[in-house]
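Beneath this line is the structure, given in structure tokens, with notes to follow.
The values are calculated or read from the model by the stated rules, or taken from the named source; none is laboratory data. Quick caveat, the model's predicted, so the values are computed rather than measured. Please note: Cβ atoms are built from the backbone with ideal geometry, for glycine as well, and neighbour counts cover all protein chains shown. With ligands, DNA and RNA removed, areas are computed over all heavy atoms of the protein, side chains included. Shrake-Rupley method; radii C 1.70, N 1.55, O 1.52, S 1.80 Å.
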Amino acid sequence: MDQTTLNIIVVGLSFVLYFGIAIWAKAGSTAEFYAAGRGVNPVVNGMATAADWMSAASFISMAGLIAFVGYNNSTFLMGWTGGYVLMAMLLAPYLRKFGKYTVPEFVGDRFYSNKARVVAVIALITMSVTYVIGQMAGAGVAFSRFLEVDNTTGLLIASAVVFVYAVLGGMKGITYTQVAQYCVLIVAYTIPAIFISLQLTGHVLPQLGLFAEHTASGQYLLVTLDGLLNDLGFNQYTSGSSPWLMALFTLSLMIGTAGLPHVIIRFFTVPKVSDARWSAGWALVFIALLYLTAPAVGAMARLNIMTTMWPQGVQGEAVAVDDLPDWFRTWSTTGLLAVEDKNGDGKIQYYNDTSEAMTALAAERGWQGNELVTFNRDILVLANPEIAGLPGWVIALIAAGGIAAALSTAAGLLLAISSAVSHDLIKSTINPNISEKGELLAARISMAVAIVVATYLGLNPPGFAAQVVALAFGLAAASLFPTLMMGIFSKRMNSAGATAGMLAGLISTTLYLFLYLGWFFIPGTNMLTADQYLFGIPPTHFGPIGALLNFGVAFIVASMTAEPPQEIQDLVESVRIPRGAGTAVNH
């Protein structure tokens, strides 16, 4: 059986499973559509939360970015994991105690203002659509390779699949689909990692293999990798730079994580407040299985790429064009991997042609620039089994895992968007008398519109999947996180302050992103370039600055305006004692 047929069978079977679950668990009421009827077991919810959390950015993109940058990109691991703990400790139990369906609903009721609710909806949609762009881009990469189609076709297929099961099932369908997707993605991620660790180090656990002796060289694996990178003019894998920017980016990911509405709403699906805490604990266990493996996957994949390009070591000859491995040729059809024999010697020299140290050596050997001209970071994890020469069923399995990771998070985000539009904008603000059937229809239509927008923008994303997702985290950090924190822990914060703060954080951060990355992320519409960053802060790192503006403006405005009504202050006091929780009220 050829590889393409095997891919289609394995991925197809996973789709049959997802669609079957969506039909079995079809939402018949708004309570089931928004919060799965609040009857989800904490262990099940923890697994679904992990799948919701571990998106294309985690599965497909994160290890690729770590592989090509090294220590500096460990910020993705630290920020995302630390932020989840922050959310579980500071937000989830209190929001579950409040007993509503959505984050904007909490904002609207806590700050006794439809204006605050609408601003929260706008913030949620802005960050969620940005997040979905990254998921669509990642899913497009997975589909394009394993169905052997171009990247655009892969993206369109991914959006069609999400449309079917997310629009149909709502939160109830998505929850149980995500449990299945977690099982698929974690097996798909760890099996290739175990095989590759055994090949390179003899250790069955990749986490140990990362710090073990490299079998071929007789040196520690990281020492071997650092030496190869250094010889080719690249930064060493284990070296870091700019602690200030690393800290800022880690903080952006942390507080952005804690403000993610599509993960927060998962804690609304359990029966009790204590179940919300247990869900968070189980989710951390399930997340750790992948996150503790990612650094090893990145390092080992980079080492495999180096030895592919320089099979005799950097003192020998580069790989010949005619000797490029099969995986290289198959991935080239996607347009995400490309080589160019610039000096016509029949070999592919891969080195850092911007390094001054390499200039003399390149001239001496007749090299005319780096000839591995395209290597999209998002393909690395998906290509890993092929790079290591693993069996075809492992390649097909990781295809299903990558697709599951992208689709699970995309579905959760689309549900957050549809809930905000139908429940918080239409039901609570525009047309309070809308029927439950009409509200469900509005939710599904808004979800479909969001898929179309994200698909269009995903055709030309402003970065790799994890980088686009980092932008969404920055928007959440600047807008929703401060508002939720002040709503829970400050009785003095009023509607005027919260609304002004949200607007300040959201507008400042959105403008910063658009100025450098293009208006609405459309290529070529940016007004400033990287050498003009404010204080050297990249757009992906701007979230904490927006959060500071949010907090500052909110407290200044609140101090100049009237205190919240006494019943609101009493509400804050009761929410901060998360014992018991009332039934959600749909009004």
Check region 418-425 and report whether any residue there is buried (at least 22 other Cβ atoms within 10 Å of the Cβ), closer than 21 Å to F328 by Cβ, within 20 Å of the chain's Cα centre (by Cα) and at pLDDT 80 or above. no
Which residues, taken from region 404-444, are of a type in the set (V, I, T) and either outside any helix (DSSP H, G or I) or out of contact with any Ser or Thr (no Cβ under 7 Å at 6 or more places or on another chain) (or both)? I426, T429, I430, I434
With the condition kept exactly as written, say whether any residue in region 287-309 is part of a helix (DSSP H, G or I), open to solvent by less than 10 Å² (accessible area, probe 1.4 Å) and over 30 Å from P206 (Cβ atoms). no
Given the conditions (1) on the phi > 0 side of the Ramachandran plot; (2) in a helix (DSSP H, G or I), report the number of the one that Y112 does not fulfil. (2)
Checklist (1) open to solvent by less than 50 Å² (accessible area, probe 1.4 Å); (2) at pLDDT below 95 applied to A500, failing item: (2)
Flag if T525 is over 18 Å from the mean Cα position of the chain (by Cα) and at pLDDT 95 or above: no
Residue count for region 503-524, restricted to those that are open to solvent by less than 30 Å² (accessible area, probe 1.4 Å) and at positive phi: 2
I want to confirm something. Restricting to region 336-352 and keeping residues that are closer than 21 Å to F68 by Cβ and surrounded by 17 or more Cβ atoms within 10 Å (Cβ to Cβ), which single residue is nearest to the chain's Cα centre (by Cα)? L336
Does R96 satisfy the criteria of being part of a helix (DSSP H, G or I) and either aromatic (F, W, Y) or at pLDDT 90 or above (or both)? no
What pairs come up if the first residue lies in region 137-153 and is closer than 15 Å to L6 by Cβ, the second is open to solvent by 10 Å² or more (accessible area, probe 1.4 Å) and part of a helix (DSSP H, G or I), and their beta carbons are under 6 Å apart, counting only those six or more places apart or on different chains? E148/T4
Count of region 451-482 residues which are touching a Lys or Arg at 6+ places or on another chain (Cβ under 9 Å) and closer than 19 Å to I125 by Cβ: 0
I need every pair where a residue in region 203-229 that is farther than 26 Å from L290 by Cβ has its Cβ under 7 Å from the Cβ of a residue that is among the charged types (D, E, K, R), sequence separation at least 6 or different chains. Q219/E213
If you take the residues in region 368-414 that are open to solvent by less than 10 Å² (accessible area, probe 1.4 Å) and of a type in the set (S, T, Y), which one is modelled with the highest pLDDT? T409
Of (1) farther than 21 Å from L90 by Cα; (2) more than 23 Å from the chain's Cα centre (by Cα); (3) surrounded by 24 or more Cβ atoms within 10 Å (Cβ to Cβ), N550 fails just (1)
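For region 139-151, indicate whether the set of residues that are open to solvent by 50 Å² or more (accessible area, probe 1.4 Å), within 20 Å of the chain's Cα centre (by Cα) and not hydroxyl-bearing (S, T, Y) is non-empty.
Within region 139-151, none of the residues are open to solvent by 50 Å² or more (accessible area, probe 1.4 Å), within 20 Å of the chain's Cα centre (by Cα) and not hydroxyl-bearing (S, T, Y).
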Helices (runs of 4 or more DSSP H) within region 214-286 that include 3 or more residues open to solvent by 50 Å² or more (accessible area, probe 1.4 Å) and out of contact with any helix residue (DSSP H, G or I) (no Cβ under 6 Å at 6 or more places or on another chain): 221-231, 243-258
Let me spell it out: the conditions are (1) open to solvent by 10 Å² or more (accessible area, probe 1.4 Å); (2) touching a helix residue (DSSP H, G or I) at 6+ places or on another chain (Cβ under 6 Å); (3) modelled with pLDDT under 80, and R444 meets all of them except one. Which number is the exception? (3)
Does A472 satisfy the criteria of being in contact (Cβ under 8 Å) with a residue 24 or more places away in the chain, open to solvent by 10 Å² or more (accessible area, probe 1.4 Å) and aliphatic (A, V, I, L, M)? no
Report yes if V121 is open to solvent by 10 Å² or more (accessible area, probe 1.4 Å) and in contact with a helix residue (DSSP H, G or I) (Cβ under 7 Å, 6 or more places away or on another chain), otherwise no. no
